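S.K.: Have a look at the structure that comes next, please.
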Amino acid sequence: MERLKNCRLCPRECGIDRFSSLGFCKATPSPKIARAALHHWEEPCISGTKGSGTVFFSGCNLKCVYCQNFEISQNGFGKEVSVDRLSEIFEELFEKGAHNINLVSPTPYVPQIVDAIKKVRDTVKIPFIYNTGGYESPQTLESLHGVIDIFLTDIKYKDASLAQKYSKAPDYFDISLSAAKKMIDICGNPQFDENGILKSGVIIRHLVLPFCRKDSIEILETLASELSPDSFILSLMSQFTPDHDILANYPELCRKVTSFEYNSVVDAAISLGFKNGYMQEKSSAKKSYTPPFDLSGV
């Protein structure tokens with residue numbers, strides 16, 4: 001808990017005392033959770049048939065203007081829980097038959113999460129997933145060695161101006177790419193069980209945004225040149241859903257991605273040799289894919 005008195009868990013390195021003030025992520029000293037329940041809308045190798053035991057944390061070290069989880073990532077909705085209660089939540093999700101424990105936006109709470117996982121490692125015998133926006137520091141990732149089995153990480157932008165405009169992180173690409181490499185070093189190549197459920201490894205997600213297909217293709221080109229295609233699973237997403245209230249100052253984002261834009265990125269991925277992975281259906285671009293944040297399971 002000493003780390004929270006001079007918080008440098010993420011690349012922003014606010015250095016604030018989380019017991020007396022809020023940093024960029026607005027995270028509280030104790031884990032704040034908005035929902036803990038079985039979730040069926042992740043990649044097939046994560047959700048499987050039984051669902052992913054997903055814990056949605058409040059607060060985020062990015063400020064993505066289009067975030068579908070805006071209510072919790074930036075508005076702070078949620079309930080604070082103790083480390084003991086967090087470990088109980090893991091056990092409850094395991095008892096419900098979850099394929100894994102899926103920690104969404106966990107970065108601000110890494111010390112508490114590590115403690116909670118260690119309490120239940122002998123009883124919760126399913127993979128733990130670190131589901132992140134990709135803005136991670138190597139020191140924090142190293143603390144997850146031997147604790148996290150799967151990293152589900154974003155690489156959102158290559159262009160620094162896009163990263164600044166939409167997520168207030170101009171250094172995003174270099175940091176997220178370095179983080180992905182570190183994650184692969186920690187977990188190794190993807191490993192699956194007999195039912196095709198991921199046991200360990202890294203999934204790199206990329207959400208295609210309106211007017212940004214060239215940036216998306218540049219990201220794929222960099223991944224193809226710097227990472228082995230067998231070292232991770234690529235997941236291309238088309239689910240961008242505009243919220244006209246939130247995006248009033250970003251008129252270019254007030255529409256869905258076109259078929260031309262998304263298919264151009266998919267074609268590029270195939271031509272670059274990304275044959276193993278997921279290409280989301282265009283029908284995924286709808287608000288029903290965002291779960292209700294109602295404190296379920298908390």
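S.K.: Report Rg (one decimal) and Dmax (nearest whole number) for the chain, counting Cα atoms only, units Å.
M.R.: 18.0, 52
S.K.: Using 17 Å as the cut-off for backbone N distance, which residues of the stretch 51-94 belong to the label zone defined by a point 7 Å from the Cα of ARG121 along Cα→Cβ?
M.R.: 84, 87-88, 90-91
S.K.: In addition: For a Förster distance of 51 Å, can you work out the FRET efficiency between the beta-carbons of ASN195 and SER20, rounded to the nearest 0.05? Display every interim value, and only then the final one.
M.R.: On the way: r = 48 Å, r/R0 = 0.94.
The formula returns an efficiency of 0.60 here.
S.K.: Right, here's the next one. What does DSSP give for the chain in terms of the percent of beta bridges that are antiparallel, rounded to the nearest 5?
M.R.: If we restrict to bridges inside the chain, about 30 percent are antiparallel.
S.K.: Let me know the Kirkwood hydrodynamic radius for the stretch 105-201, please, with Cα pairs as the basis and the value in Å to one decimal. Intermediate values should be presented prior to the final figure.
M.R.: Working: mean 1/r = 0.0698 Å⁻¹.
Kirkwood radius, the stretch 105-201: 14.3 Å.
S.K.: Also: Sort by residue number and name the cysteines in the chain that have no neighbouring cysteine Cβ under 4.7 Å.
M.R.: Taking the Cβ cut-off of 4.7 Å, the unpaired cysteines of the chain are CYS7, CYS10, CYS14, CYS25, CYS45, CYS60, CYS187, CYS212, CYS254.
S.K.: Then there's this: With label points built 7 Å along Cα→Cβ from the Cα atoms of TRP41 and GLU88, find their separation and express it in nm.
M.R.: Using points 7 Å along Cα→Cβ, the separation is 2.9 nm.
S.K.: If you take the beta carbon distance between ARG3 and ASP171 as r and set R0 to 30 Å, what does 1/(1 + (r/R0)^6) give as a FRET efficiency, to the nearest 0.05?
M.R.: Values: r = 22 Å, r/R0 = 0.73.
Approximately 0.85, to the nearest 0.05.
S.K.: Which value at 222 nm does the chain reach when only helices count, each DSSP H run of 4 or more adding -39,500 (n - 2.57), with the total divided by all residues and rounded to the nearest 500 deg cm²/dmol?
M.R.: Values: 9 runs with 88 residues, N = 298.
That calculation yields -8500 deg cm²/dmol at 222 nm.
Any read-out appearing in this document is the output of simple, stated calculations on the displayed coordinates, not a laboratory observation. Quick caveat, the model's predicted, so the values are computed rather than measured. Positions of Cβ are generated from backbone atoms using ideal geometry, with glycine treated the same way; all protein chains shown enter the neighbour counts.
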